[in-house]
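Q: Take a look at this one; I'll ask things after.
Nothing in this text is a laboratory measurement; each read-out follows from the coordinates by a stated rule. Quick caveat, the model's predicted, so the values are computed rather than measured. Note that each Cβ is placed from the backbone with ideal geometry, even for glycine, and that neighbours are counted across all protein chains shown.
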Amino acid sequence: MPVGCFSWSKTRDEIFNACPRQYYFQYYAMTDKNMDQLRIKRLKGLTNLHLLAGEVVHDICGSIVTKKNILDPIDLIAKSKHVLLEAIKKSIFKSHEWLVNPKAFSMLHEVYYDSDFRSSTDITKRAYLFSKLSPAYNDIVDRMSTCITNLFASPTVKDLMTSNFEILEVEQLGTMQFDGVPVYIKPDLLYRQSNGNFVIVDWKTGKRNAGDEIQFKLYALYAHCRYNIPLEDIRVRADYLLTNESIVSSVIEEEVSYLNSWISHSITNMKDFLRDKDQNIPLPAEFFQTNPGYNKCQLCKFKEICPEQKKRPA
Ligand code: SF4
């Protein structure tokens, strides 16, 4: 059965390269008649404390730039803590609602895959699970507080508070076409400075990693293709809020053909796993090999349906 048209994103490429079976679960399992569709819907929607904290910080960033809403960081940290705490409480104590309707709210991976959650509906055990999550919660709150504090000292916020600018996009899912394939890109912020330059901002709540640089170049390529902005007028600024660092990068003409061939190669690799490339119909699940790794599988949303887990000693 087709799953809409084939599209490409960097996230999709990352999942495909990390584990093709995880990629199958994420992008194709919902049309697999051999799979329990309610279960797939639940697993696809799982989130975790790190992702949630990242979303909360991004919401704050977005609200500051769109409304120039400079609240006291202490208030913002308190509100953010409340959001995380509510998410934990809902996951633990309202799971009966979520099991029937996974769209009701996002279940936390940390809760769903905890043995105490899975083995009992006993309220005492659930309360114990709540206390078990305290160290993880405290750790995330510390990181989130650091990010929020550093946000106010970041070059982006300073620039926006002290000069004129025009916002083109805030957390907007954008597309550009690549050989007939929609390519999805979602910059955190794209704005024009009063000197005519364009800045794309990527707010990072984690540490630097190897894939960041190519992501920045894709952002620049997107702004160039979508708005016809000359490459030399585009800067990508990554504000690493956890470490209070900022990196500015750009793309030069000579790098565009490399980026194009990189995307093209990635699309070809993914399409090799399609039985019908026009209709976006995948080969059967068994063709998408598993690629296990301890940390990767621990964090994987789909581990309970992955054949690799059955091979593990009980
Ligand atoms: S549990 Fe591991 S091997 Fe299985 S899909 Fe997830 S990442 Fe891949």
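Q: Using a Cα-Cα cut-off of under 23 Å, which lysines could be cross-linked to LYS41, ignoring same-chain neighbours fewer than 8 residues away?
A: Leaving aside lysines fewer than 8 places away in the same chain, those within reach of LYS41 are LYS10, LYS33, LYS89, LYS90, LYS94, LYS103, LYS296, LYS301, LYS303, LYS310.
Q: To continue, here is another question. Could you pull out every residue, at least 5 positions away or on a different chain, whose amide H is within less than 5 Å of the one on ASP202? Hs are placed 1.01 Å off N in the peptide plane, and Pro or chain starts have none.
A: ARG237, ALA238, ASP239
Q: Still on this structure, please answer the following. How far apart, in nanometres, would the label points at LYS132 and LYS296 be if each is projected 7 angstrom from Cα along the Cα-to-Cβ direction?
A: About 2.7 nm, to one decimal.
Q: Suppose we keep just the DSSP beta bridges with both residues in the chain; what percent of those would be antiparallel, to 5? Intermediate values should be presented prior to the final figure.
A: Numbers: 21 of 30 bridges.
Percentage antiparallel, nearest 5: 70.
Q: Further, regarding this structure: Summing +1 for each Lys or Arg and -1 for each Asp or Glu, what net charge is found among the other residues whose Cβ lies under 14 Å from the Cβ of VAL199? Kindly include the intermediate steps, with their values, before the conclusion.
A: Details: positive: LYS158, ARG192, ARG235, ARG237; negative: ASP159, GLU166, GLU169, ASP188, ASP202, GLU232, ASP233, ASP239.
Net charge in that neighbourhood comes out at -4.
Q: Are there trypsin sites (Lys or Arg not before Pro) in region 1-65 that DSSP puts in a loop and that have at most 11 other Cβ atoms within 10 Å, and which ones? Mind dumping the intermediate values first?
A: Working: sites: LYS10, ARG12, ARG21, LYS33, ARG39, LYS41, ARG42, LYS44; in loops: LYS33.
Here the sparse-neighbourhood loop sites are LYS33.
Q: Now for a different question. For GLY174, list long-range residues whose amide hydrogen, built 1.01 Å from N in the peptide plane, is under 5 Å from its own amide hydrogen.
A: Close amide H contacts, sequence-distant or interchain: ILE185, LYS186.
Q: Something else about it: So if each residue of separation counts as 0.36 nm, and I subtract the Cα-Cα distance between LYS79 and LYS207, what length gain in nm does that give?
A: Taking LYS79 through LYS207 to full extension adds about 43.7 nm, to one decimal.
Q: Next question, about the same structure. Each residue of region 74-83 in order: what ³J(HN,Hα) in whole Hz does its phi give by Karplus 6.51 cos²θ - 1.76 cosθ + 1.60, θ = phi - 60°, with x for Gly and Pro?
A: Computed from phi, the couplings for region 74-83 are 5, 5, 5, 5, 4, 5, 5, 4, 4, 4 Hz.
Q: Let me ask something additional. Could you run the Karplus curve 6.51 cos²θ - 1.76 cosθ + 1.60 with θ = phi - 60° over region 270-279 and give me ³J(HN,Hα) per residue in whole Hz, x for Gly and Pro?
A: 5, 5, 5, 9, 9, 6, 10, 5, 6, 8
Q: A follow-up question, please. Ignoring everything except DSSP H segments at least 4 long, calculate the 222 nm mean residue ellipticity for the chain; use -39,500 (n - 2.57) per segment, divide by total residues, nearest 500. Walk me through the numbers on the way to the answer.
A: Values: 15 runs with 162 residues, N = 314.
Computed ellipticity for the chain at 222 nm equals -15500 deg cm²/dmol.
Q: Sorting CYS297, CYS5 on the 10 Å Cβ count, fewest up front, what's the list? Before the final figure, lay out the partial values.
A: Values: CYS297 18, CYS5 11.
Going from least to most buried by this count: CYS5, CYS297.
Q: List the residues, sorted by chain then number, that are 5 or more residues from LEU283 or on another chain and whose placed amide H is less than 5 Å from its amide H.
A: Correct list: LEU274, ARG275.
Q: Oh, and also: Name the shape class, rounded, prolate or oblate, that the alpha-carbon gyration tensor gives for the chain, where a ≥ b ≥ c are the square roots of its eigenvalues, rounded holds for a/c under 1.5, and otherwise prolate holds if a/b is larger than b/c and oblate otherwise. If you can, show how the numbers build up before the last one.
A: Working: a/c = 2.23, a/b = 1.16, b/c = 1.93.
Oblate.
Q: With θ taken as phi - 60° and the coefficients 6.51, -1.76 and 1.60, list the Karplus ³J(HN,Hα) couplings across region 205-210 in order, rounded to whole Hz; mark glycine and proline as x.
A: Each residue of region 205-210 in turn: 9, x, 7, 5, 9, 4 Hz.
Q: Looking at the square roots a ≥ b ≥ c of the eigenvalues of the Cα gyration tensor of region 1-55, which shape do they give, rounded for a/c under 1.5, prolate if a/b is larger than b/c, or oblate? Don't skip to the end; give the middle numbers.
A: Numbers: a/c = 2.00, a/b = 1.26, b/c = 1.59.
Oblate, because a/c is 1.5 or more while a/b does not exceed b/c.
Q: Something else about it: Which shape class applies to region 31-152: rounded if a/c is under 1.5, otherwise prolate when a/b exceeds b/c and oblate if not, where a ≥ b ≥ c are the square roots of the Cα gyration tensor eigenvalues? It would help to have the intermediate numbers written out before the result.
A: Details: a/c = 2.75, a/b = 1.60, b/c = 1.72.
Verdict is oblate for region 31-152.
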